[in-house]
Amino acid sequence: MLGYPLRDKKIELVRDYAADMPPVCGQVSSLNQVWTNLLDNALDALPPGGQLTVRTRVENEFVRVFILDNGPGIPAEVLPRILEPFFTTKPAGEGSGLGLDIALRIIEQHGGRLEVQSEPGRTEFGVWLPVANT
């Protein structure tokens, strides 16, 4: 999935995974859609030679997954709207404006939350998913 855009734009992929991650309860295909949307957006934003980081951590009763990039950032005036359905900054025909809305709804259906922070040179999407009851 990521191989070609990573190679074409010479994007560095950093994997920073916590050890001993507990399982989460979730629908694999739905969560795959979340990761695809977040990673695709990061790749679209990154200039050639950029860096994409996938990080995992455990906090309290949540698994946290972070998608970080060192692209130009999301403008402050746009940031409050990016999770709205049909909102897009992409040119007509290149984006539906539904990717982040769908990701948000999927995460919420899994009992989690989606957060975003951005400034020039650093955008971070953080997904919180509850640890599965074992």
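Under 5 Å between amide hydrogens, built in the peptide plane, is the criterion, and for VAL63 it picks out LEU129, VAL131 among residues at least 5 positions away or on other chains. When the square roots of the Cα gyration tensor eigenvalues are ordered a ≥ b ≥ c, the ratio a/c for the range 54-134 is 1.5 or more and a/b does not exceed b/c, which makes its shape oblate. Taking other residues whose beta carbon is less than 15 angstrom from the beta carbon of SER30, and scoring Lys, Arg as +1 and Asp, Glu as -1, yields -1. Once C-alpha pairs closer than 8 Å and six or more residues apart are averaged by separation and normalised to the residue number of the chain, the relative contact order reads 28 percent. Seen through its C-alpha gyration tensor, with square-root eigenvalues sorted a ≥ b ≥ c, the range 1-70 comes out prolate because a/c lies at 1.5 or above while a/b is bigger than b/c. In terms of its C-alpha gyration tensor, the range 44-93 comes out oblate, because a/c is 1.5 or above while a/b does not outweigh b/c. Net charge in the neighbourhood of LEU100 (other residues with Cβ under 11 Å of its Cβ; Lys, Arg +1, Asp, Glu -1) is -1.
In the context of the full set of protein chains, residues of the chain present 59 Å² of accessible surface per residue (probe radius 1.4 Å, heavy atoms only). Charge dipole of the chain (Cα centre as origin; +1 on each Lys and Arg Cβ, -1 on each Asp and Glu Cβ, all else neutral): 220 debye, rounded to the nearest 20.
When peptides 81-87, 38-44, 60-66 are sorted by average Cβ neighbour count within 10 Å, with the highest value leading, the order is 38-44, 60-66, 81-87. What nm distance separates the two modelled labels at ASP8 and MET21, each placed 7 Å from Cα along Cα→Cβ? If labels sit at ASP8 and MET21, their model points lie 2.7 nm apart.
The values are calculated or read from the model by the stated rules, or taken from the named source; none is laboratory data. No experiment lies behind these values; they were computed from the predicted model shown. Every residue, glycine as well, gets a Cβ built from its backbone with ideal geometry; the counts of neighbours run over all protein chains shown. These area figures cover heavy atoms from the full protein model, side chains too; ligands, DNA and RNA do not enter into them. Shrake-Rupley method; radii C 1.70, N 1.55, O 1.52, S 1.80 Å.
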